[in-house]
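Working notes, structure below.
The values are calculated or read from the model by the stated rules, or taken from the named source; none is laboratory data. Quick caveat, the model's predicted, so the values are computed rather than measured. Every residue, glycine among them, receives a Cβ derived from its backbone with ideal geometry; neighbour counts consider all protein chains shown.
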Amino acid sequence: MELSKEEVRHLIAKRVAQEFKDGDVVTLGIGMPTLASNYIPKDIHVFLQSENGILGASGILPLETADKSITDAGGNYVSICEGGCFFDSLTSFSMIRGGHINTTVLGGLQVDEEGNLANWLVPRKIVPGMGGAMDLVVGAQKVIVMMEHTAKGAPKILKKCTLPLTAQHEVDMIITEKCVMEVRKDGLWLTEISQYSSIEDIKAHTEADFKIADQLKTF
Amino acid sequence: MKNKVITPQEAIKHIQSGNSLMVGGFLKCGTPQLVIQEILKSEIKDLTLIANDTCFVDSGRGLLVANKKLKKVIASHIGTNAETGRQMNEGTLEVELVPQGTLAERIHAGGAGLGGVLTPTGIGTLVEEGKKKVTIDGKDYLLEKPIFADVALIYGSKVDPLGNISFHGTTRNFNTMMAMAAKTVIVEAETYLEEPMNPDDVVISGIFIDYIIKKEG
């Protein structure tokens, strides 16, 4: 069964949200990672940290009713949950770099067997800047890369990244519409398979070598 | 006591062509506007903008890019203003991209009298090019140098006559660091208080602030 682009994004986001634990401080990257906030299990409370200076950010508010002085890092208007707080960029990145963020979820252009991530620069094409991504990947306790498994059919999980790196050896987990892979000391491990994929499908669309866990789960 | 309140027209007398200019703000949030409008009307050019991002092509400090008032940008993100990337590729604008947390620390170092900061961010990436690597207790760090500007334009939600500032929502961003990191610091007050504010509310002390611009009137 072929999933639409939108279905793929939601499938990945839903699986990502399963990684959050009650009380976690989570920083979501701009774009697809933001979708994961829609799927946080109802029985847990997660503090969403946004690098521009808010802990406890709510969902996105409509322009008409929003307080224009409260935004997330994407510039969306949000509100703040009970127990949350505001801070400056220095404190925000002390949280991030200092290891006080439990989990960060970022998009990726390429990830490789050594847990290297490239997601900020395509030379001569896309030069948006790294924003807070380099700090997040270096500092967060757990780094999840959520992305489509391939780009126009080409693998994004590689033996070695070819694009400029965001950080070295920092990725812990990769979640795509096909599978979940963990980056361990001895390389990549396939730990879960999407109900819409198979080991053969994953092998065909992954350049990197990976080992297959004994207890392979399905999502 | 010195009256710190000036008009935007008076403010630009403190800014010269070729100056380095810090501007607070994260995209459109918590960012000064009025002095930038005056710079656009003036002959001032060749500025080096130091900011988190270059905002949007038609908004705030993004207008400095669009109106070619800059020779250099030091920022963490330029992706929301296509004009920055265009001028960079054309070779008319120099752009130094700095990881956001590193930018915050470099500005803080500049204002706090520090010789630099050691950060693990950027190790093994293009960011480490030309920088000194320092190993502390077996871990590698990059030595990042302080940034100090000629002028800082910052935003405050409430500002009292002494220049004490309090903030609402996510408007703090880089404003708190920049308040300490420039020779001349000008704050744009969303609300100007006629009396000194409650000391418990002060986030930035007025001792860092040279001039105040009132948003209304």
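Of note:
- Elements of type strands (runs of 3 or more DSSP E) contained in region A:1-70, each with 3 or more residues being more than 26 Å from A:Leu109 (Cβ to Cβ): A:54-60
- All told, B:Asp160 meets the bar of being crowded, with 22+ Cβ neighbours inside 10 Å and more than 17 Å from the chain's Cα centre (by Cα).
- Some residue of region A:143-165 being over 13 Å from the mean Cα position of the chain (by Cα), in contact (Cβ under 8 Å) with a residue 24 or more places away in the chain, under 30 Å from A:Ser69 (Cα atoms) and buried (at least 23 other Cβ atoms within 10 Å of the Cβ): no
- Condition check for A:Gly108: within 8 Å of chain B (Cβ to nearest Cβ), at pLDDT 95 or above and assigned to a loop (DSSP other than H, G, I, E, B): no
- Among the residues examined, A:Gly129 qualifies as touching a Leu at 6+ places or on another chain (Cβ under 7 Å), modelled with pLDDT under 95 and within 28 Å of B:Gly169 (Cα to Cα).
- Note on region B:166-198: among residues that are more than 11 Å from chain A (Cβ to nearest Cβ) and closer than 15 Å to B:Leu103 by Cβ, the one that is surrounded by the fewest Cβ atoms within 10 Å (Cβ to Cβ) is B:Ala181.
- Spans of strands (runs of 3 or more DSSP E) in region A:114-219 with at least 1 residues within 30 Å of B:Gln87 (Cβ to Cβ) and among the charged types (D, E, K, R): none
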